[in-house]
Amino acid sequence: MKPITTTKDYVQSLKGLHHAVYYNGKRVKDVTEHPALRPHINAAALTYELALRPEHEALMTAVSHLSGKKINRFTHIHQTVDDLIKKIQMLRLIAHETGSCFQRCVGFDALNAVYMTAYDIDQKFKTDYFEKFKKYLLHVQESNVMVVGGMTDPKGDRSLSPSRQADPDLFTRVVQRRSDGIVIRGAKAHMTGGINSHEILLMPTQAMKEDEKDYALSCAVPLNAPGVILIFGRQTNEERKCEEGFDAGNTQFGLVGGEALIVFEDVFVPWENVFLCGEHEMAGLLVERFATLHRQNYGGCKGGVSDIMVGASALAAEYQGTAGASHIKDKLAEMMHLAETLYSGSVACSAMGYKTPSGAYYPDPLLANTTKHNVTRHIYEIARLAHDIAGGIVATMPFHGDMENSDVGRYVKKYLAGVQGVPVESRMKILRLIENMSGGTALVESMHGAGSPQAQKVMYGRLGNLEQKKRWAKRLARID
Ligand code: SF4
């Protein structure tokens, strides 16, 4: 495969993929031509395009520790704390360009998590996963393909373990071991960037027990392999992406990652692409590492998206004549405080990162979890403040089509006018941006992306060192 360098290369590569994508009950022939899928492709394409701009080279590219060549940072294994920090800076930069999720970080985190864990598995079980994974990584770095990080299984009845589910496929599993590879069956849910990626790197969804060896699985699969089916997830205001005009808010890049349900119906995977198969003791470590690496990100990308919300709210206030009010200035200051709090969490967990036995660097897990937990709260508060500043019109404004209509357009322009000299269309566009960025799927992505708040609380129990905290308190209170 010709290496992907430009947006044009990326789009062409997707045209040639011929993977089985379904949108609203219909098979999609060409994802790049579909109006509801194209914005997500545009967002991911910036991960290629920005890497070509000299001013972003330091953030968007890195030097491969395997080949010594310059590579896209999204295919890099973190070699230093500086790499961890640059990752966060890069995510905020791209969020400023897209105002949306640009998806490629999930695969980036999967590559790093599997790399460091494959090394540890080999140390413990004398397997050869690490060498195989390095070959796979080299292929990803040289071809510059986009990889989905595939962790979340559908999980069925959450009160039952994988092996006790009525349908054993609710957790992705090995159904056949052959001399040349394995056959897998199951599905991965909420797969960010699924329909516009080239490959998926599967990981287990949770720690596995002795009788769940078939579910302790990590492997790489091309998304056009026979038996792989992608079903795109419906989003809030999905239909607006297929309309002309500005009602979709962010018409060019969408609002969220473009998630898909990816089904594996007896898919063959050759042994060279298998990086965990049956060593159930290591599944939990791989899950924890991937989760930490993705939670590290959220103050970067969501901090950047929040900056857009702050800017849009300030413009809405300017356009409707409230920008000078002290309570508006106070709300904007509060929004900025929250955005910078998110960002500082991501920078902090990166700065406190450390080297794993594999040589790859890893962010501080407790701080990474705290960062993501803050995102589940602060993004909602930022959205609340944006709604407060924008006013009720953010939810009741007529269609773009009404503004264009020969009968009622003049009324829309007359009665939606704000400050003199500001075109009504500008006011409507900024309100639509706020509306779309602050509701429905966009909020849920902040709540559950990279794991739900409860998943972060579980980590406080494990990493928060409560016993030490009790000892400190006892000492000061002079309790023996
Ligand atoms: Fe990347 Fe953020 Fe999207 Fe996750 S939510 S894939 S970190 S942009």
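Each row is one residue, and each column tells you yes or no for (1) assigned to a helix (DSSP H, G or I); (2) within 13 Å of the ligand (Cβ to nearest atom).
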| position | (1), (2) |
| --- | --- |
| Q296 | yes, yes |
| G304 | yes, yes |
| L315 | yes, no |
| T322 | no, no |
| E340 | yes, no |
| C349 | yes, no |
| G359 | no, no |
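Pairing each residue of segment 273-285 that is in contact (Cβ under 8 Å) with a residue 60 or more places away in the chain with any residue that is assigned to a helix (DSSP H, G or I) and crowded, with 19+ Cβ neighbours inside 10 Å, provided the two are 6+ apart or on different chains, yields C-beta distances under 6 Å for F275/V114; F275/A118; F275/Y129; F275/F133; E279/I121; H280/E212; M282/I121; L285/T117. A Cβ distance below 7 Å, combined with a sequence gap of six or more or placement on separate chains, defines the contacts here; from segment 250-267, residues that are among the acidic types (D, E) reach residues that are open to solvent by 10 Å² or more (accessible area, probe 1.4 Å) and assigned to a loop (DSSP other than H, G, I, E, B) in the pairs E259/G233; E265/G227; D266/G227.
Which of the residues spanning segment 270-320 are charged (D, E, K, R) and touching a helix residue (DSSP H, G or I) at 6+ places or on another chain (Cβ under 8 Å)? So that I can check it myself, show each step before the final result.
The first filter runs over segment 270-320 and keeps only residues charged (D, E, K, R), leaving 272, 279, 281, 288-289, 295, 302, 307, 318.
Within segment 270-320, E272, E279, E281, E288, R289, R295, K302, D307 qualify.
On the given criteria, is K241 open to solvent by less than 40 Å² (accessible area, probe 1.4 Å) and basic (K, R)? Yes: the conditions hold for K241. The requirement of being within 16 Å of the ligand (Cβ to nearest atom), assigned to a loop (DSSP other than H, G, I, E, B) and surrounded by fewer than 23 Cβ atoms within 10 Å (Cβ to Cβ) is not satisfied by T127. For segment 63-120, a residue qualifies if it is aliphatic (A, V, I, L, M), in contact with a Ser or Thr (Cβ under 9 Å, 6 or more places away or on another chain) and either away from the ligand (no atom under 15 Å from the Cβ) or open to solvent by 10 Å² or more (accessible area, probe 1.4 Å) (or both), and the qualifying residues are I71, I77, V81, I85, V106, V114, M116, A118.
Would you list the helices (runs of 4 or more DSSP H) that sit entirely within segment 385-467 and hold 3 or more residues that are in contact with a helix residue (DSSP H, G or I) (Cβ under 6 Å, 6 or more places away or on another chain) and within 29 Å of A323 (Cα to Cα)? Spell out the reasoning first.
On the way: elements: 393-396, 400-404, 409-415, 424-437, 440-448, 453-463.
Those helices (runs of 4 or more DSSP H) span 409-415, 424-437.
If the condition is being over 18 Å from L111 (Cβ atoms) and either within 16 Å of the ligand (Cβ to nearest atom) or open to solvent by less than 10 Å² (accessible area, probe 1.4 Å) (or both), then segment 253-277 contributes F253, G254, L255, V256, G258, E259, A260, F264, V267. Residues that are assigned to a loop (DSSP other than H, G, I, E, B) and more than 27 Å from R73 (Cα to Cα) within segment 19-57 comprise N24, G25, K29, D30, H34, P35, A36, listed in sequence order. Contact map, segment 291-309: residues that are under 14 Å from I94 (Cβ atoms) and open to solvent by 10 Å² or more (accessible area, probe 1.4 Å) paired with residues that are aliphatic (A, V, I, L, M) and within 7 Å of the ligand (Cβ to nearest atom), Cβ distance under 8 Å, separation 6+ or inter-chain. Pairs shown: Y298/A450; C301/L91; C301/A95; K302/A95; V305/A95; D307/A95; I308/A95.
The values are calculated or read from the model by the stated rules, or taken from the named source; none is laboratory data. Given the structure is predicted, the values throughout are model-derived calculations rather than measurements. Neighbour counts are summed over all protein chains in view; Cβ atoms, including those assigned to glycine, are modelled from backbone coordinates with ideal geometry. SASA here: full protein model, heavy atoms, side chains in, ligands and nucleic acids out. Shrake-Rupley method; radii C 1.70, N 1.55, O 1.52, S 1.80 Å.
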